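One structure is given here, and the rest of the page talks about it.
The values are calculated or read from the model by the stated rules, or taken from the named source; none is laboratory data. Just so you know, these numbers come straight off a predicted model, no measurement behind them. Cβ atoms come from the backbone with ideal geometry, glycine included; neighbour counts cover every protein chain shown. Accessible surface is based on the protein model in full, side chains and every heavy atom, while ligands, DNA and RNA are left aside. Shrake-Rupley method; radii C 1.70, N 1.55, O 1.52, S 1.80 Å.
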Amino acid sequence: MNWKAISRNVGLALLVSSLFMFLSVLVSVLNGNDSALAALIISFTITFIVGVFPFIFVRRTKEISLKEGYVTIALSWLLSFIFGMLPYALWGGPFTLQNAWFESVSGFTTTGATILDNIEALPRSLLFWRSSTHFIGGLGVVVFLLLIIPDSSPVKLRLVNMELTSLSRGAYSTRTNRIVYIFAYVYLAIFLLALLLYFLAGMPAFDAVCHAMSVSATGGFSTRNASIGAFGSRWVEAATMLCMYLSSLHFGLLFLVVARRSLKPLNNPVVKYYTAFVLVFSFILGISLKAGGFFASTGEALWNGLFEILCISTTSGFAIADNAHWPAALGGLLVIVAVVCGCAGSTSGGLKIDRIILLFKSVGRQLNRTLHPSSMNEVRLGGRILRDSDVAPHLLYIALYVVLMSFSALLCLAAGVDWQNSVAASVTSLSNVGPALGEMGSMGSFNSAPDAAKFVYTVDMFLGRIEIYPVLSVVAMLFERRNR
């Protein structure tokens, strides 16, 4: 194992975090040296020193193996979590070590779940750091690293292929090393669009920056206790819904829309299915909320239904209404949406609508084979014919997702969490959705959950963010070495 190459690449990832910690220090100074200044300065200093250390004492190596690539990805994320919790832990308040770890993992994985019961009690610099972890995690710790590595480096090509699934690469019609830049361009464009729309909607500058970082990452950390609902503005809500939707589409398709100056790239079956999925479930939820007497008018109920479904399907943890008092049937509806989520190649989590389409198409093909053994049976997606070797990993991923979610729910149930949130919070954590149901719902927090359950949820967040396989590969390598 080439630990020199690994340490240099992981060091780059930590330097990215240290940059945003430094920006948070500046925010603290601009706000009269608020109470988080010392915590942020110490965190920045430690993270910067550890990040820069390999560049001083370790020689550059050009090549990395497949195994070293997976270790680089896993360590980049894990060390970002660890150093990212420093500002919280050093500031104190509600942040015990377990709570600081939870908030850091939730931020970097863009899950958006929180242990905070009073978000507005935090100083502005710490609120900025919370949103920054979303911004870093949305683009991806490894993608930030890839933006720094030169194009000519073989390290870059190998890491790109590991970080992006075959579903993510499908809509890109360009060289592999250009995919990273396209993803970054679209990501920054959505961030700037959100920032502009929030300014035009009348949101204060600091809130606009923090929410723009959160919405472009489909994260959900807000600067207000009542989240987006605190602003009481339909324009702010509309801007949030638009940016959430864009962030949940394949970034390669969005890039083609701009590059070709045409909406034809969006004439894609995956986009159509996803949009129909959002609209149908929004309508069902809206009508149910009106029938249950939760809103006075049908228009208000449908608007809230659309906002809630978009928040969950895009895996953004924002809110304009409290779902804690909604009936169990609607909770079940939200959990279903939390499993499916947005499109591959976006910042959203979950199984992705692409895999659900593949699942149904595969079931249909198998039924057709059974009824008509001599007929030609193919799985097509977006005009492409997929071989069994292309489909099998994604069907296996769905099976792994179900197994992990079930195991997590059982562990949380054993830790003392009620059955509803044992299931719902496991799903929303593994899908990086954020809020669950009841006291862990859209206006609640995970603070009351036992520490053991919080740890399980953070493991789910990590596995969901990097899509399980890289972690399993590293675990397999560890067992392989032990058995030698």
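Summary table
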quantity: Probe 1.4 Å, all protein chains present, accessible-area order of Trp77, Trp303, Trp235, largest first; calculated: Trp235, Trp303, Trp77
quantity: Within the chain: Cβ-based charge dipole about Cα centre, in debye rounded to nearest 20 (Lys, Arg +1; Asp, Glu -1); calculated: 1920 debye
quantity: Separation between Cα centres of the stretch 324-372 and the stretch 1-44, rounded to whole Å; calculated: 38 Å
quantity: Whole-Å distance, taken between Cα centres, linking the stretch 248-319 and the stretch 386-446; calculated: 22 Å
quantity: Apportionment of accessible area to carbon and sulfur, the chain, percent (1.4 Å); calculated: 66 percent
quantity: Extreme residue, positive dipole direction of the chain, given options Gly140, Val257, Gly464 (C-beta unit charges); calculated: Val257
quantity: Modelled FRET efficiency - R0 56 Å, Ala296 with Arg387, Cβ distances, 0.05 increments; calculated: 0.55
quantity: Exposed-loop-free span, longest in the chain, where GluC sites (Glu not before Pro) count as exposed if DSSP calls them loop and at most 14 other C-beta atoms lie within 10 Å; calculated: 64-377
quantity: Label zone at Leu410 (point 7 Å along Cα-to-Cβ), backbone N below 17 Å, the stretch 426-462; calculated: 426-427, 453, 456-457, 460
quantity: For the chain, with +1 on Lys and Arg beta carbons and -1 on Asp and Glu, the positive-most of Ala296, Ile312, Thr72 along the dipole; calculated: Thr72
quantity: Area accessible to solvent at Met213, 1.4 Å probe radius, in Å²; calculated: 10 Å²
quantity: Difference of contour (0.36 nm per residue) and Cα-Cα distance, Leu472 to Arg224; calculated: 85.6 nm
quantity: Extreme residue, positive dipole direction of the stretch 319-421, given options Tyr397, Ser408, Val337 (C-beta unit charges); calculated: Tyr397
quantity: Point-charge dipole on Cβ atoms (K/R +1, D/E -1) for the stretch 334-484, about Cα centre, debye to 20; calculated: 560 debye
quantity: Calculated FRET value between Asn118 and Val29, using beta carbons and R₀ = 35 Å, to 0.05; calculated: 0.90
quantity: Lysine pair count for the chain [Cα-Cα under 28 Å; pairs on different chains or 8 or more apart]; calculated: 15
